[in-house]
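Undergrad: There's a structure below that I have some questions on.
The values are calculated or read from the model by the stated rules, or taken from the named source; none is laboratory data. Model, not experiment: these values are computed from the prediction. Ideal geometry is used to build each Cβ from the backbone, glycine not excepted, and the neighbour counts take in all protein chains shown.
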Amino acid sequence: MSTTFTVKQFSELKQISEHKVLALIACGALRASNYCVGSQRKRWRITLEAIEDFERARSNQRDPQPQRRRRKKEASEISFY
């Protein structure tokens, strides 16, 4: 197993599309290096450390619990308890 992955290899590893991987790189969630500087087409390489950091950051996130809304008491209601 190599220490760097291409976008295609990472997408196959995580079972997501290549466009999603490129979006993660663009927003900064996944660190990658561009190895084709002179060309117009960018070729990204993702290191093993970047993958571990990405997985660690994703594993700490929990889905927030939705806040339950309480009904407001109407002025005409009288509470005896």
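Undergrad: Given (1) of a type outside the set (Val, Ile, Thr); (2) touching a strand residue (DSSP E or B) at 6+ places or on another chain (Cβ under 9 Å); (3) modelled with pLDDT under 90, identify the lone condition not met by residue 31.
TA: (3)
Undergrad: Can you tell me which residues in region 24-57 are in contact (Cβ under 8 Å) with a residue 40 or more places away in the chain and surrounded by 13 or more Cβ atoms within 10 Å (Cβ to Cβ)? Break it down into steps so the answer makes sense when it comes.
TA: Of all residues in region 24-57, those in contact (Cβ under 8 Å) with a residue 40 or more places away in the chain come to 45-48, 51.
Correct list: 45, 46, 47, 51.
Undergrad: Let me ask something else. Looking at region 1-54, which of its residues are part of a helix (DSSP H, G or I) and either touching a Leu at 6+ places or on another chain (Cβ under 6 Å) or hydroxyl-bearing (Ser, Thr, Tyr) (or both)?
TA: Step one: of region 1-54, the residues part of a helix (DSSP H, G or I) are 7-14, 18-27, 48-54.
Once the filter is applied, which keeps residues that are part of a helix (DSSP H, G or I) and either touching a Leu at 6+ places or on another chain (Cβ under 6 Å) or hydroxyl-bearing (Ser, Thr, Tyr) (or both), region 1-54 yields 11, 24, 54.
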